[in-house]
Structure formats: structure tokens, C-alpha cells
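The block underneath contains the structure these notes are about, expressed in C-alpha cells.
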Amino acid sequence: MIDSFFKFALQPLLVTGALTIWYFNQTSPVGYPITVVTILVILGVAEHWWPRRRDWIQHWQERARNITIAVIVTFVAVFVVMFYDQAMREPLATLRTSLGLDIWPHHWPVLAQVFMVFFAKEFIWYWVHRSQHRWAPVWRASGHGAHHSFKRLAAINAGVDHPIELFFIVLAAALVEFFFGVGIAVAGAAILSVTLATIAHTNLDMNTRVIGWFFTTPRYHIHHHS
């Protein structure tokens, strides 16, 4: 029964829970870290007791190191967001106005906007990520190899990136936000992205085929890291 729960129910429940917490705390500065930490704790406990591969269970020194790196990367991400805000907001807003592209449906339900931002951002990120793997100069310049140095996946690995790569990771969301003037929905899309990325790296048997049509699952991401 527990295997069926992980395979079919855990990912939808975590995504729904994360978006629900954000929806009712959209302006709260602690909503994002509380959501991320909660998901990491849930998946970390599940990985320890019901791992997909027992030989991938991280010892405490490795886990402590990865948590430290993830915390540092999170602080760097805040700086990157501030940098893009200063460098891109006004130029892209001016361009948007001059091209008559103030067309974002702010009157739509906010969760519909969140998924619109998410899929628009993912479309951009797909090509950025593809370029990292396809062209060696981009691979080296982005530091993406640091993320792929981990062959034994765990949920915490989702946040273990080279600090330079954050400029590439955040770029997709920044372009969507500043070019279309999205607003608060970009924060919900960020929560959704982090939740799905964390799930994709977890050492659990979560191979729901239907979910895999729309979102990355561990089944596919493990092959990517192999």
C-alpha cells in the first residue's frame, strides 16, 4: 500500500499542498521557505525509510554538506533575483509597452496564471538546459557540471547547483515576469518549479505515467542524471 501511495499519490499531494499554502499566503515573506523546507523534510524522511535504491541513502556527512550548499545557493538566488530586477525590469517594461504587449490576463484566476507562467518559463528553460548539455562552452560557463556530479540522487540535490548557474536558472522566470508584467503569479510559479524539481531528484519510486506527460518525475530525471 505504501508503494502505491508513493507511486500515484505523493507527487499530486505535494504539488497541491505547496500551491495551497502559497495561495493563502501570497504576500507572506516566509511562505516560500516554509513550503520548501516542509517538502524537503517530507521527502527526506520518506527517502530514509522507503528509498527507491537503498544504496543511494546519503550518510549524515554528505547530507549535511548538501544542505549547507543548498542554503548558500538559496541566498545567492536572492541576489540574482535582485540583480535581474534592477537590470531588466525597466528595459523590458518599456519594450513591452512600445510593442503593445500589455496583454497578460490579470483578471484570470491566479492559479491559472501560475500555470501559464510555469509552462512559459519551462519552455524557455528547456532550451537553456538543452544548450548546456549540447554545447561545451555553455556547459562550462554555466557550471552545470557541478549539479551533475551527483549520481546518487536525493531530494536535497535539487538545490545543489553552482552559484553561477543561478543566473541561467532564474533567467527564464525573469524574462516571463518582466516582459509580460506577470506580477504575483510568478511567485506561485516559483513555488511550483521548486516543488517539482525537488520531487524529480528524490530517491523514491514515483513513476506516475500520466503526471509525466506534464511534469518531470523521478523516473525520467534519474535517466537524465545517469
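Any read-out appearing in this document is the output of simple, stated calculations on the displayed coordinates, not a laboratory observation. All figures in this text were calculated on a predicted structure; none of them were measured in a lab. Cβ placement follows ideal geometry from the backbone for every residue including glycine, while neighbour counts extend to all protein chains displayed.
Side notes on the structure shown:
- For region 137-213, the relative contact order works out to 38 percent when only alpha carbon pairs closer than 8 Å and six or more residues apart are counted.
- Mean ellipticity per residue at 222 nm, deg cm²/dmol - from DSSP H runs of n ≥ 4 across the chain, formula -39500 (n - 2.57): -22000 deg cm²/dmol
- Each Lys and Arg Cβ is given +1 and each Asp and Glu Cβ -1; about its Cα centre, region 2-225 then shows a dipole of about 620 debye.
- Shape metrics for region 133-226, restricted to C-alpha atoms - Rg then Dmax, Å: 14.4, 39
- Cut-off 17 Å (backbone N to label point 7 Å along Cα→Cβ of V45), residues of region 1-27: 2-3, 5-6, 10-11, 13-15, 17-18
- Applying 1/(1 + (r/R0)^6) with r as the Cβ-Cβ distance of S149 and V81 and R0 = 35 angstrom yields a FRET efficiency of 0.90.
- FRET efficiency, H223 to S131 (Cβ-Cβ, R0 25 Å, nearest 0.05): 0.80
- Kyte-Doolittle mean at least 1.0 and Cα axial length at least 15 Å: DSSP H helices in the chain: 10-23, 31-49, 165-180, 185-200
- Expected-Rg normalisation [2.2 N^0.38 Å, Cα atoms] applied to the chain: 1.03
- Full extension of the chain between F119 and W139 gives 4.8 nm of extra length, using 0.36 nm per residue less the Cα-Cα distance.
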